Structures are given as structure tokens and as C-alpha cells.
1. Report whether or not residue 180 is surrounded by fewer than 21 Cβ atoms within 10 Å (Cβ to Cβ), at pLDDT 95 or above and either in contact with a strand residue (DSSP E or B) (Cβ under 9 Å, 6 or more places away or on another chain) or not assigned by TED's automatic domain parsing to the domain that holds residue 304 (or both).
2. Across the range 95-109, what is the total count of residues that are in contact with a strand residue (DSSP E or B) (Cβ under 8 Å, 6 or more places away or on another chain) and either in a helix (DSSP H, G or I) or crowded, with 23+ Cβ neighbours inside 10 Å (or both)?
3. Looking only at residues in the range 201-228 that are touching a strand residue (DSSP E or B) at 6+ places or on another chain (Cβ under 7 Å) and outside any strand (DSSP E or B), which one is surrounded by the most Cβ atoms within 10 Å (Cβ to Cβ)?
4. Give me a count of the residues in the range 225-237 that are closer than 23 Å to residue 35 by Cα and in contact with a helix residue (DSSP H, G or I) (Cβ under 7 Å, 6 or more places away or on another chain).
5. When residues of the range 123-148 are filtered for being in a helix (DSSP H, G or I) and over 22 Å from residue 200 (Cα atoms), how many remain?
6. Run down 294, 311, 283 and say which single residue is in a loop (DSSP other than H, G, I, E, B) and closer than 13 Å to residue 393 by Cα.
7. Listed residues 240, 273, 303, 317; which is assigned by TED's automatic domain parsing to the domain that holds residue 88, surrounded by 17 or more Cβ atoms within 10 Å (Cβ to Cβ) and under 21 Å from the mean Cα position of the chain (by Cα)?
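The values are calculated or read from the model by the stated rules, or taken from the named source; none is laboratory data. Just so you know, these numbers come straight off a predicted model, no measurement behind them. Here the Cβ positions follow ideal geometry from the backbone for every residue, glycine too, while neighbour counts run over all protein chains shown.
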């Protein structure tokens with residue numbers, strides 16, 4: 001059969017040959033990866049999309065079909081009206097803080113034992129911009145209320161389960177205190193995911209996720225998400241457009257794929273974490289075990305009331321008895337199955353030394369003040385057989 005003669009010359013065809021179809025003939029069962037930077041429309045439609053009169057994609061920094069599929073899925077799971085995707089969790093945090101309109105003279109009240117990079121972002125960059133940041137003990141609810149009443153902040157920031165000290169925030173109570181002075185409540189819910197807890201249903205105004213962690217769940221993608229009302233997300237998206245922390249469609253696709261097994265992974269990881277924490281309690285080498293699922297945790301009852309029944313997260317923290325920096329490093333070097341890794345939430349068990357990594361930029365005094373000792377270790381429990389996880393910790397501690 002004779003092939004129709006091409007319209008253009010070869011060098012032109014190398015540039016233009018391929019798919020320029022507006023839509024597929026069939027609906028794919030999974031969201032496709034759409035890496036295109038820009039999209040073709042008749043000029044009248046393009047003008048309407050740029051003007052906000054019509055939906056559509058024009059430029060991937062403004063929006064992308066694959067990223068939009070992830071945003072839609074996470075907004076649905078969190079019970080929000082909309083979501084905005086970012087290249088990293090920290091980009092999401094930064095944009096959320098800017099999107100709420102923080103400016104010189106404003107006050108932020110923040111839990112003092114948040115993720116180290118969040119602490120540093122607030123206490124360096126935003127302080128330099130003239131924002132006053134007041135750090136609080138999230139477990140002292142009367143103190144939290146008093147500080148909010150006195151400072152009258154524009155924004156209150158908490159983590160559902162804090163990183164790495166695993167303190168549980170009474171989100172409904174903090175939301176009520178924030179709203180009583182006209183403040184908004186932002187909740188970093190990375191440790192709980194929407195499977196364990198949905199902050200918007202308990203009074204939060206924004207939910208933030210490092211999607212690099214449990215939402216993706218496989219250690220192969222980075223991303224962050226902000227979930228809120230449509231109007232608030234529009235303001236956050238404006239920051240994304242201008243600052244450019246755009247989520248890659250490849251990472252969005254990987255996170256969306258990981259999201260499909262979130263329930264199965266979190267169920268297994270939480271069950272493993274409880275068993276590991278209970279095993280740590282009996283060890284003579286371990287001075288302290290921190291896990292919301294243990295009865296001696298200061299907020300065990302609160303965690304039980306807020307989180308999905310019987311599940312308390314998949315992160316366990318412990319302190320080696322009289323542990324030094326050198327001893328912790330030797331212990332971590334002896335691990336075979338569990339990985340010394342600077343992340344969490346993956347299908348495999350990961351161990352982190354916060355004084356060296358996530359909280360490295362804090363002074364020793366600041367670390368001691370929030371409760372991170374030189375012997376402190378954070379464990380993100382994976383889906384492996386719990387017997388193998390325990391055996392690996394046992395041999396490393398013995399040696």
C-alpha cells in the first residue's frame with residue numbers, strides 16, 4: 001500500500017511527527033503521564049483559559065493533567081475542596097505560608113517539635129521577613145490556648161503526630177483556640193495520612209503532606225500537597241505559579257500509583273510498629289520508647305480518640321541507654337535489613353538519627369529543649385515480616 005507523501009520535509013518531520021491529538025479514543029484505566037510543557041487550543045479558547053473563564057491546561061507550571069489527577073485524588077481522600085501539588089513537601093509548606101498572606105508584623109504560633117526544616121524555615125526566612133514566630137509545647141493545651149489568646153496569631157501550625165518526638169496534637173481543641181482569635185490552623189498530616197486522620201473534618205483549615213513519604217510510599221518520588229477550600233487553594237496555586245515549585249508529572253504519576261495501596265501499606269506498617277515498640281520496651285539497652293500506641297504515651301488516649309481504631313502510625317522512636325553519637329552510628333552501621341535513610345514512609349524499614357540529619361541545623365541546646373538526646377533514634381517501620389525487623393534490631397543492639 002502506498003504511503004501518502006509527507007506534507008513537510010524530513011527535518012521538519014523530526015520535529016513535528018507524533019501525537020498531537022486532543023483526546024484519546026478510549027479511557028485508560030490509569031492516569032497517563034503527560035509531560036508536555038504547553039498545550040494547543042484555538043486562540044479564543046486559549047484566551048478564555050488564561051482569563052479564568054474556562055477550564056483547561058495551557059502551561060505545566062500553571063497546571064498539568066497528571067498532577068491534576070493526583071490533586072483531585074488527595075483532595076477527595078482528605079475531604080477538601082481542592083489540592084495543589086508541589087515538587088517537595090517543603091515547597092508545599094513554603095507556598096502555604098505565603099498563600100495565607102503572611103507579612104511583616106504577623107505572628108505564627110507553632111509547635112516547637114515540628115520537622116526540623118519547618119522549624120528552620122519559620123525561624124530563619126520568615127523571621128527575617130518580619131514575622132514573629134512563637135514556639136509552643138503542643139502537649140500543654142492550656143499553655144497553647146493562653147499563647148494563642150495572648151499573641152493573636154494569623155496562623156497556627158501543628159503536626160498531627162510530630163516529627164520525630166511523636167507528640168499528638170489535639171487538632172479539634174487547637175482549631176477552636178485558633179478560630180477564636182481569627183487565626184487559621186495548618187496541619188502537617190504526613191505521619192497520619194488521610195487513612196488514619198482527616199484534619200479538615202476536625203477544624204483544620206489547611207492540610208499539608210510531604211507526598212514523598214506515605215502517599216508515594218516507595219522511595220522513588222518527591223512531592224508535596226496542600227489541601228483546603230477552593231478559594232484558599234487558588235491563593236496557594238498563585239504562589240506555585242509565581243515561585244515555580246511545580247510538581248513533575250512523572251513524580252505525580254508515581255505518587256498516584258503509590259496512593260492506590262495506601263490502605264494496605266498503612267495497615268501493615270502500623271501493626272508492625274506497635275509490635276516493634278512493645279518489643280523495644282523490654283530491652284535493657286533501650287532507655288525510652290516513644291509510640292502513641294503504648295499505654296504510657298502521654299497522649300495515648302487522645303491518639304486513640306482521633307486516629308483510626310487500633311492504628312497509631314508507623315513511626316517508633318527510642319533512646320539508647322546512655323547513648324552517644326558514636327554509639328548510635330555504630331548501632332546503625334550494624335543493621336542489615338533496616339536501612340539508615342534520611343526519609344520515612346516507604347515499604348521498607350528505615351532508621352534515622354535526627355541530631356545528624358533532620359534536626360542537624362538546631363543547636364544542641366535547642367535539640368535538648370525539645371527532647372532530642374544524643375541517643376535518640378527514629379524508626380519508620382515497613383511492611384516486611386515483623387520477625388525479620390525485630391531480628392535485625394536485636395543483632396545490631398547485641399553487637
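1. Numbers: surrounded by fewer than 21 Cβ atoms within 10 Å (Cβ to Cβ): yes; at pLDDT 95 or above: yes; either in contact with a strand residue (DSSP E or B) (Cβ under 9 Å, 6 or more places away or on another chain) or not assigned by TED's automatic domain parsing to the domain that holds residue 304 (or both): yes.
Yes; evaluated as a whole, the condition is true for this residue.
2. Summing the residues that are in contact with a strand residue (DSSP E or B) (Cβ under 8 Å, 6 or more places away or on another chain) and either in a helix (DSSP H, G or I) or crowded, with 23+ Cβ neighbours inside 10 Å (or both) in the range 95-109 gives 6.
3. Keep residues of the range 201-228 that are touching a strand residue (DSSP E or B) at 6+ places or on another chain (Cβ under 7 Å), which gives 203-211, 215, 223-228.
From the residues that got through so far, the ones that are outside any strand (DSSP E or B) too are 203-205, 211, 215, 223.
Working: 203: 17, 204: 29, 205: 20, 211: 32, 215: 26, 223: 28.
The extreme case among them is 211.
4. Residues that pass the stated criteria total 3.
5. Here is the first cut: in the range 123-148, the ones in a helix (DSSP H, G or I) are 123-128, 141-148.
Checking the rest, the ones that are also over 22 Å from residue 200 (Cα atoms) come to 123-128, 142-143, 146-147.
Residues in the range 123-148 being in a helix (DSSP H, G or I) and over 22 Å from residue 200 (Cα atoms): 10 in total.
6. On the way: 294 fails: closer than 13 Å to residue 393 by Cα; 311 fails: closer than 13 Å to residue 393 by Cα.
Answer to the selection: 283.
7. Numbers: 273 fails: assigned by TED's automatic domain parsing to the domain that holds residue 88; 303 fails: assigned by TED's automatic domain parsing to the domain that holds residue 88; 317 fails: assigned by TED's automatic domain parsing to the domain that holds residue 88.
Only one candidate qualifies: 240.
Yes or no, residue by residue, for (1) more than 10 Å from the chain's Cα centre (by Cα); (2) in contact (Cβ under 8 Å) with a residue 24 or more places away in the chain; (3) closer than 27 Å to residue 352 by Cβ:
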| position | (1), (2), (3) |
| --- | --- |
| 177 | yes, yes, no |
| 192 | no, yes, yes |
| 202 | yes, yes, no |
| 206 | yes, yes, yes |
| 220 | yes, yes, yes |
| 232 | yes, yes, no |
